[in-house]
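Q: Would you mind keeping the following structure in view while I ask a few things?
Read-outs: derived from the displayed coordinates by stated rules, not from any lab. The shown structure was predicted, so the numbers you read here are calculated from the model rather than taken from an experiment. Cβ atoms come from the backbone with ideal geometry, glycine included; neighbour counts cover every protein chain shown.
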Amino acid sequence: MNNHRNDAGKFWIRIITGVLVLFIAATVASIVIAKKRGSRVVDTEYYSHGLHYAENHDTAGNTGNKWVMAATADSTHIQVTVRDEQGAPLTGGAATCSLDQSATTPGTVLQLSESPPGIYRAPRPTSAQGELRGTIRVAKGSGVISGRVVLFN
């Protein structure tokens, strides 16, 4: 009887050892196959491109990369202040605000005019109350700055 119990214990130790060896062999095989086939999941350049997007693109033609823009709104006007890379007001630009709020007519584009240097203003649409969402774009020469904004009054 005691001999039967030792045989059963050795049997299960062999089964468990065999399953572990099979698991390790299958894991190594799947890693080797994935590496050789070059799946996009294990392609390090794929992730590197996503993390460093636009760092290797030529942005020398767009002087607006270093501009700073701040938008505000009150009950009567939308205002955008734009400064260049030295912090001076950006004068002579063309500014637009494309609104996409349901309270306004879809596709409403406001032309902002420059009042003091570097400050662009437009009357706030009367149909737009509360929150305004849209895209503000300021261009001057070859430089452009744009951004999505949410404005509250």
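Q: Where does each of Arg83, Arg137 land when they are ranked from fewest to most other beta-carbon atoms within 10 angstrom?
A: On the way: Arg83 15, Arg137 20.
Taking fewest neighbouring Cβ atoms as first place, the list is Arg83, Arg137.
Q: Thr135 versus Arg83, label points 7 Å from Cα toward the beta carbon: distance in nm?
A: Going by the 7 Å Cα→Cβ label model, 2.6 nm.
Q: Separation between the Thr76 and Ile13 pseudo-spin-labels, each 7 Å from Cα along Cα→Cβ, expressed in nm?
A: The answer from the label model is 9.2 nm.
Q: Within a 10 angstrom radius of the beta carbon, how do Leu22, Leu110, Leu90 rank from fewest other beta carbons to most?
A: Leu22, Leu110, Leu90
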